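**Q** Handing you this structure, nothing more for now.
Only the coordinates and a few stated rules stand behind these numbers; no lab work does. Fair warning: this is a prediction, and the values are worked out from it, not measured in the lab. Cβ: placed from backbone, ideal geometry, glycine included. Neighbour counts: every protein chain shown.
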Amino acid sequence: MARILLTGSTGYIGSHTAVALLEAGYELVGLDNYSRSLAGVSQRIQEITGKTYTQHRVDLVDAAALNKVLEQEPAIDAVIHFAAFKAVGESSAYPLQYFRNNLGGQINLMQACDQFGIRNLVFSSSCTVYGNPQVIPVTEESPLLEPESPYGRTKAVGEAMLRDWVKSTVPQDGQERQVIALRYFNPVGAHPSARIGECTVGVPDNLIPYITQTAMGKRAQLTVFGNDYPTRDGTCLRDYIHVCDIAAAHVDAVNRLLGQNSSSSPWSVYNLGTGIGQTVLEMIQAFESVNQMNLPWSYGPRRPGDVVAVYANNRKAVDELGWQIRYSLQDMMRTAWDWEQMQAKDPL
Ligand code: UFG
């Protein structure tokens, strides 16, 4: 069976994808520097799947260390590149850290791919590349607007670097490079086992961890950022998608890259969203109704940099990758809450 290298394998999306790939029968090699994740996640991945894989501690910014690991791990068929910083607010405060980590790490990885003959790559991109779109839902052809943050810039530039790379000189073995960029909308929820999920450090930036921590009593109340947006209830609208559905799309993407009738184009992009937009108030209501509780919340000012409304047209991923969405909004809320409670009982 094919061998897949995962960078950022113990992170939120990386860990769920590791489970999905192992369950699909792939062999895995995982890399992480644990700067934003915990090494213990790797045991949980193996516990859920009943399968083993090799996990290495390595920082992609350290090219020599990366190359050393790849010397020990030959015959990699494809790499999925998750490893990156992702906090929007932090990126505005420390843009250079984001450029060094996300773009520097990616350059080292691309170089290592050339050196070790890895021709297939899946890239973690984001709907942030669409900026504040004029027309929704967005398709893959929608214009790429000025990113709202340095984090968003690293995704837009990361995609552009990969586009140039696939067009560059064909490696000596004659095997062309192929890249699939997956533009995630808002990944939420956790594995149904509640053994892996999103590990947040300190005060969460994102809505769902804030909701679950408020439900847990860790936060006094939730603030809804702005109630005067031009949406159906005045709060921002997003396309929330279960992290296991995002993970499944990576298996579909790898199948396509390595399959018999593999991607005709060396560069392709797919939106990963449900195609349904939900407002912040609708998310609070869904959480309250699924988990039968009332959340303390109040309106606060708008959060700088927030996009008003964005959701996906996901036809391309469904038609070309054969991607199927299996989890509902209720599943997102139930699994997010199960994970928060499990973390209180048996923390990672
Ligand atoms: N929100 C609140 N209160 C909170 C947290 C969030 O009202 O305490 C609101 C936000 O204002 C926004 C919505 O909930 O309207 C979703 O916010 P998140 O922070 O959960 O998600 P974002 O849409 O801002 O960000 C996500 C990813 C980023 C990515 C971005 C692209 O976290 O990595 O989408 O649009 F860049």
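**Q** Out of every Cα-Cα pair in the range 22-96, what percent are more than 21 Å apart?
**A** 38 percent
**Q** I need two numbers for the range 214-292: Rg to one decimal and Dmax as a whole number, Cα atoms only, in Å.
**A** 18.3, 54
**Q** Towards the positive end of the charge dipole of the range 31-98, with charges on Cβ (+1 Lys, Arg; -1 Asp, Glu), say which of Gly40, Ala64, Leu96 has the farthest Cα.
**A** Gly40
**Q** Something else: How much of the calculated P(r) for the chain lies past 38 Å, in percent of all Cα pairs?
**A** That fraction is 12 percent.
**Q** For the ranges 268-276, 312-320, what's the packing order if you count other beta-carbon atoms within 10 Å of each residue, average per peptide, and put the highest first?
**A** Result, highest mean first: 268-276, 312-320.
**Q** Shifting gears a bit: What is the local net charge at Phe185, summed over the other residues whose Cβ is closer than 11 Å to its Cβ (Lys, Arg +1; Asp, Glu -1)?
**A** Within the 11 Å Cβ shell, the charges total 0.
**Q** Can you tell me what the convex hull of the Cα atoms of the range 288-330 projects to on average, as an area in nm²?
**A** 5.4 nm²
**Q** Per residue, what volume in Å³ does the Cα convex hull of the range 253-333 take up?
**A** Details: hull volume 10.3 nm³, N = 81.
Dividing the Cα hull volume of the range 253-333 by its residues yields 127 Å³.
**Q** At 4 °C and 1.567 mPa s, what whole-number value in µm²/s does Stokes-Einstein give for the translational diffusion of the range 162-254, with Rh from the Kirkwood sum over Cα pairs?
**A** D = 76 µm²/s.
**Q** Right, here's the next one. Using only the C-alpha atoms of the range 91-188, find the volume of their convex hull and express it per residue in Å³.
**A** So the per-residue Cα hull volume is 113 Å³.
**Q** Note down the Stokes-Einstein diffusion coefficient of the range 1-136 in µm²/s, whole number, using a Kirkwood radius over alpha carbon pairs, 4 °C, and 1.567 mPa s.
**A** Stokes-Einstein gives a translational diffusion coefficient of 83 µm²/s.
**Q** Now for a different question. Taking the Cβ of Ala247 as the centre, find all other residues whose Cβ is under 12 Å away and add up their charges (Lys, Arg: +1; Asp, Glu: -1).
**A** -2
**Q** Which listed residue (Leu6, Gly30, Thr223) has the Cα farthest towards the positive end of the charge dipole for the chain, taking +1 on Lys and Arg C-beta and -1 on Asp and Glu C-beta about the Cα centre?
**A** Comparing the listed Cα positions along the dipole, Thr223 ranks first.
**Q** While we're on this one: Pull up the cross-link candidates among the lysines for Lys155, meaning alpha carbon to alpha carbon under 19 Å and not fewer than 8 places away within one chain.
**A** Hits, sequence-local ones excluded: Lys86, Lys167.
**Q** Based on Cβ point charges of +1 for Lys and Arg and -1 for Asp and Glu, what charge dipole magnitude is obtained for the chain about its Cα centre, in debye rounded to the nearest 20?
**A** I would put it at about 280 debye.
**Q** Let me ask something else. Find the centroid of the Cα atoms in the range 61-114 and in the range 243-259, then give the distance between the two in whole Å.
**A** 20 Å
**Q** Same structure, new question: Over the chain, what relative contact order in percent results from Cα pairs under 8 Å that are six or more residues apart?
**A** Once divided by the residue count of the chain, the mean separation gives 19 percent.
**Q** Hey, another quick one. Around Gly117, with a cut-off of 13 angstrom between Cβ atoms, what is the net charge of the other residues, counting Lys and Arg +1 and Asp and Glu -1?
**A** With Lys, Arg at +1 and Asp, Glu at -1, the net is -3.
**Q** Here's something else I'd like to know. With both bridge residues required to lie in the chain, what share of the DSSP beta bridges run antiparallel, to the nearest 5%?
**A** 5 percent
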